Amino acid sequence: MRVKQIVVGLAAGLCLVGGLLFAVGSMPVLAQEPTVIGNFVLVKYVCSSDIGSTGSAVPGSCVDANDPNGANVPVLAAGSALSFLYEATYSCPAGSVCTPINPISVTVADNQLPSIVPAPYGPLQDGSNPGVIDPDDVWLFVVRGQQALNLNSSGLLLPGGGPVQGCANVSDGDGARPTYVNSAQITGPSASNTDAAAYCNPVPQPTAVPPTAVPPTAVPPVPTPVPAPVPIPEPLTLVLFGSGLAAAGIAARLRKRQ
């Protein structure tokens, strides 16, 4: 009887082991795949202002001007405030499990700004793990504190090449002119992508030449009018005769008495 119990127990144990082996062999393939690094898609913006060091949206002063002859290329006066914004979208290949990435481990390099490393600006879209870049997350990086170059300077050479002729279709209607174009590359642990941005300056206006000074016309002096001489009346001589002479004599004697 004891031997029979031992045989039954062994048979049950073998069945259990066989069931476990079957379950492991039929597990989904996806769960057995190692984690991988996804892909990045980069969009670079040129911004006609200082957009600050952090944010969670693309500011209104930023445009995706990747065509140097596009109508949306901004026209920036030399010396005006300028920033660059880099939008990184992380995606995961179908059927893979992608590991989250720390934003500071992502490198953005700009060929016109070789000595500047764009810094994390903030998430435009953040998934279930705030603070890290998950699949389908969109993060922003920034270079700020820049000034628009004087692209009309004779002999100007940019670090990444150029300027090039562009801005042929911008709204000011002044046609083609020297244009700044720079390309940025984003690199994760094993993925990268590039995009460009452009801007140009207003066309210099000709310097106004002041008119030649004309000496004033000489005005002849106006003569001062001389008043006409006042006529002096001639002295009047009174001649008295007869009774008139006698009356005058009487009057003279009376004055003497007085």
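What the table below lists for this structure:
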| item | result |
| --- | --- |
| Bins of 5 Å from zero: percent of alpha-carbon pairs in the stretch 119-180 | 4, 14, 15, 12, 10, 11, 13, 11, 8, 3, 0 |
| Beta bridge orientation in the stretch 33-200: antiparallel %, DSSP, nearest 5 | 95 |
| Per-residue ³J(HN,Hα) for the stretch 40-50, Karplus 6.51 cos²θ - 1.76 cosθ + 1.60, θ = phi - 60°, Hz, x for Gly and Pro | 10, 10, 10, 10, 9, 10, 10, 10, 8, 6, 8 |
| Packing-based order for 140-146, 124-130, 59-65, using average beta carbon neighbours within 10 Å, highest first | 140-146, 59-65, 124-130 |
| Projected label distance in nm at Val226 and Ala176, using a 7 Å step from Cα toward the beta-carbon | 8.2 |
| Which of Val117, Val108, Val226, Val73 has the fewest Cβ neighbours within 10 Å, and the rest in rising order | Val226, Val117, Val108, Val73 |
| The stretch 33-200: equivalent-ellipsoid semi-axes (sqrt of 5 x gyration tensor eigenvalues, Cα, Å) | 32, 15, 14 |
| Cα-centred dipole magnitude for the stretch 33-200, charges only on beta-carbon of K, R (+1) and D, E (-1), debye, nearest 20 | 420 |
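Read the figures in this text as sums done on the coordinates, not as results from a lab. The structure presented is a predicted model; accordingly, all values stated were derived computationally and were not measured. Methodologically, a virtual Cβ is constructed for each residue, glycine included, from the backbone with ideal geometry; neighbour enumeration extends over all protein chains shown.
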